[in-house]
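Working notes, structure below.
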Ligand code: GLN
């Protein structure tokens, strides 16, 4: 076993006894989920994969779909069109907060539900789900599918999401009809992934949008920069501050128990365990990200970094 795999096995062992938190209960499929599995996967930008625990069990992507959908909307509709309907401000709000700017009706960012529904609506409605699944699959490096039962339960119980879609529509911030936009948002949340998929998705973001395994340039580097900025400020909702202080990496959680954390230029980390804290993030997942970031010195504001030898050099004039 190599050093990183041994390290992940040790972290898994350390975090496993943590059984705080509750599985999501708003739909039957999540409420009935086994709370115990725990997977960790780490993929480096040079294409190495290291795993520990239950890294090959499938679960629903949930809100980790939001930054990915946002990226696709930015690439297909352009920054200006997307910015007109979704802002980039750190809301510090719960994921399902009815967050619409007073005067314009714009959601604060694309990572809370209102903003995610708005960015979903920007993608052309014909073939939207197959386009999204194809894109998520390019990021993971394999074909993915959405679970029909979970998608249906999400929509049937999704009164608040439907209400937000209607509100967005009333403000002219929805590019599609509200029920269809919500249905596709729910189906995107129901995309099934493994912890290993999460690591590759995160590593693709760490590698400026180029999948380190397949070599495919999936996302424009400028879109990745935007995405990681928004994830840093808002990926963890009303726990974004503590997440940034403790982990110090752009991250995103989902109520299926998955979390991605991105160390730009270095690696992507995926963690999954279904018991959630009060903010809807995996308890073991947050703890794991904290330990991995600390031990591998990944915090983007880290004081561990030696000063560069030649200091700050100005760009050469062309
Ligand atoms: N499907 C969930 C919802 O829309 C996603 C929330 C989450 O993962 N934070 O409520």
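The values are calculated or read from the model by the stated rules, or taken from the named source; none is laboratory data. From a predicted model like this one, the values you see are computed outputs, not experimental measurements. Cβ sites come from the backbone with ideal geometry, for glycine too, and all protein chains shown count toward neighbours.
What the table shows:
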{"read-out": "Residue within region 125-133 that is crowded, with 20+ Cβ neighbours inside 10 Å and in a loop (DSSP other than H, G, I, E, B) present", "value": "no"}
{"read-out": "Yes/no for residue 167 being within 16 Å of the ligand (Cβ to nearest atom) and at pLDDT below 95", "value": "yes"}
{"read-out": "Number of the exception - residue 111 against (1) surrounded by fewer than 22 Cβ atoms within 10 Å (Cβ to Cβ); (2) within 12 Å of the ligand (Cβ to nearest atom); (3) assigned to a loop (DSSP other than H, G, I, E, B)", "value": "(1)"}
{"read-out": "Residue list for region 188-207, restricted to those being assigned to a loop (DSSP other than H, G, I, E, B) and away from the ligand (no atom under 16 Å from the Cβ)", "value": "194, 207"}
{"read-out": "Failed item, numbered, when residue 220 is tested on (1) closer than 23 Å to residue 46 by Cα; (2) within 14 Å of the ligand (Cβ to nearest atom); (3) surrounded by fewer than 21 Cβ atoms within 10 Å (Cβ to Cβ)", "value": "(2)"}
{"read-out": "Test: residue in region 60-69 that is more than 19 Å from residue 231 (Cα to Cα), within 15 Å of the ligand (Cβ to nearest atom) and outside any helix (DSSP H, G or I)", "value": "yes"}
{"read-out": "Criterion violated by residue 210 - all others in (1) away from the ligand (no atom under 16 Å from the Cβ); (2) in contact with a helix residue (DSSP H, G or I) (Cβ under 8 Å, 6 or more places away or on another chain); (3) touching a residue at least 12 places away in the same chain (Cβ under 8 Å) satisfied", "value": "(3)"}
{"read-out": "Evaluation of residue 159 against (1) in contact (Cβ under 8 Å) with a residue 12 or more places away in the chain; (2) more than 29 Å from residue 56 (Cβ to Cβ); (3) within 16 Å of the ligand (Cβ to nearest atom) (one fails), failing number", "value": "(1)"}
{"read-out": "Test set (1) crowded, with 21+ Cβ neighbours inside 10 Å; (2) within 16 Å of the ligand (Cβ to nearest atom); (3) under 22 Å from residue 298 (Cβ atoms) - residue 185 fails condition number", "value": "(3)"}
{"read-out": "Residue tally, condition free of Cβ contacts under 8 Å to residues at least 60 places away in the same chain and either part of a strand (DSSP E or B) or over 22 Å from residue 17 (Cβ atoms) (or both), over region 282-291", "value": "0"}
{"read-out": "Residue ID - farthest from the chain's Cα centre (by Cα), chosen from residues in region 17-30 that are surrounded by 14 or more Cβ atoms within 10 Å (Cβ to Cβ) and more than 13 Å from the ligand (Cβ to nearest atom)", "value": "18"}
{"read-out": "Selection from region 251-266 of residues that are more than 13 Å from the ligand (Cβ to nearest atom) and part of a strand (DSSP E or B)", "value": "261, 262, 263"}
{"read-out": "Residue, surrounded by the most Cβ atoms within 10 Å (Cβ to Cβ), within region 267-281, restricted to residues that are touching a helix residue (DSSP H, G or I) at 6+ places or on another chain (Cβ under 6 Å) and not in a strand (DSSP E or B)", "value": "273"}
{"read-out": "Residue under evaluation residue 119, criteria (1) at pLDDT 95 or above; (2) surrounded by 24 or more Cβ atoms within 10 Å (Cβ to Cβ); (3) within 13 Å of the ligand (Cβ to nearest atom), criterion not met", "value": "(3)"}
{"read-out": "Residues of region 236-250 satisfying the condition of being away from the ligand (no atom under 16 Å from the Cβ), closer than 23 Å to residue 23 by Cβ and buried (at least 18 other Cβ atoms within 10 Å of the Cβ)", "value": "247"}
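For (1) buried (at least 24 other Cβ atoms within 10 Å of the Cβ); (2) closer than 25 Å to residue 301 by Cα; (3) within 11 Å of the chain's Cα centre (by Cα), each residue gets a yes or a no:
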| residue | (1), (2), (3) |
| --- | --- |
| 190 | yes, no, no |
| 215 | no, no, no |
| 234 | yes, yes, yes |
| 261 | yes, yes, yes |
| 264 | no, yes, no |
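The rows are residues; the columns are (1) out of contact with any helix residue (DSSP H, G or I) (no Cβ under 7 Å at 6 or more places or on another chain); (2) free of Cβ contacts under 8 Å to residues at least 60 places away in the same chain; (3) crowded, with 24+ Cβ neighbours inside 10 Å; (4) closer than 18 Å to residue 191 by Cβ.
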site: 32; (1), (2), (3), (4): yes, yes, no, no
site: 47; (1), (2), (3), (4): yes, no, no, no
site: 60; (1), (2), (3), (4): no, no, yes, yes
site: 66; (1), (2), (3), (4): no, no, yes, yes
site: 92; (1), (2), (3), (4): no, no, no, no
site: 98; (1), (2), (3), (4): no, no, no, no
site: 104; (1), (2), (3), (4): yes, no, no, no
